[in-house]
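The block underneath contains the structure these notes are about, expressed in structure tokens.
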Amino acid sequence: NLVSMVFSRRGYNIQSLAVGNSEREGMSRICMVVPGNGQCIQALINQLNKLVYVRNVTDLTELPFVNRELLLVKVKCSSSQRGELRDLVSIFRGNIVDMGGSTAIVEVVGKEEKLKAFTDLLEPFGVLEVARTGRVAMERDSGVNVEFLERHTINRVY
């Protein structure tokens, strides 16, 4: 609650928020995506570090990191569409977690772009409900900056 007060007082917009238990008993990890320039983000970090219960704040913007979200989608799915849905879910490395008489619930984990592409492809089935977690992230120990590589890949035809 104190963390959210820092954001609301300063007028920051949180694009994504995920909170859960951490590797330390009794501690939670908060992952958030906040738009802003370097100066604004640094001011926010300084404010968060002043809070008594905050142990550490890490800005992953310039660091190599892994990030993922979880998507649950309920779609209309007749018995004749089940094979097609299974194929689509398999392509996106997802799982069908519930199958009713005329609906199915699917889970997919990935980056925002993957989840959007999957949701778009489900439109012909008829999307009934969508639930997404906030983005969670961890710094990579390998040092590989996949996002940097994706932005700077030169496509060549040989």
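The values are calculated or read from the model by the stated rules, or taken from the named source; none is laboratory data. Just so you know, these numbers come straight off a predicted model, no measurement behind them. All Cβ positions, even for glycine, are placed from backbone atoms using ideal geometry, and neighbour counts span all protein chains on display.
Observations
- Selected residue [buried (at least 19 other Cβ atoms within 10 Å of the Cβ) and either under 14 Å from residue 121 (Cα atoms) or hydrophobic (A, V, I, L, M, F, W, C) (or both)] from 97, 89: 89
Residues are listed down the side, and each one gets a yes or a no for (1) surrounded by 12 or more Cβ atoms within 10 Å (Cβ to Cβ); (2) touching an Asp or Glu at 6+ places or on another chain (Cβ under 8 Å); (3) among the small types (Gly, Ala, Ser):
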position	(1), (2), (3)
3	yes, no, no
9	no, no, no
12	yes, no, no
34	yes, no, no
41	yes, yes, no
44	yes, no, no
48	yes, no, no
54	yes, no, no
60	yes, yes, no
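- Residues within segment 8-43 that are within 19 Å of residue 67 (Cβ to Cβ) and either in contact with a helix residue (DSSP H, G or I) (Cβ under 6 Å, 6 or more places away or on another chain) or aliphatic (A, V, I, L, M) (or both), tallied: 9
Every residue, every condition in (1) modelled with pLDDT of 85 or more; (2) assigned by TED's automatic domain parsing to the domain that holds residue 133; (3) among the hydrophobic types (A, V, I, L, M, F, W, C), yes or no:
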| site | (1), (2), (3) |
| --- | --- |
| 19 | yes, no, yes |
| 43 | yes, no, yes |
| 70 | yes, yes, yes |
| 75 | yes, yes, yes |
| 79 | yes, yes, no |
| 86 | yes, yes, no |
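- Segment 1-18, residues that are of a type in the set (A, V, I, L, M) and in contact (Cβ under 8 Å) with a residue 12 or more places away in the chain: 2, 3, 6, 14, 17, 18
- Number of positions in segment 123-145 that are without any contact (Cβ under 8 Å) to a residue 40 or more places away in the chain and not in a loop (DSSP other than H, G, I, E, B): 2
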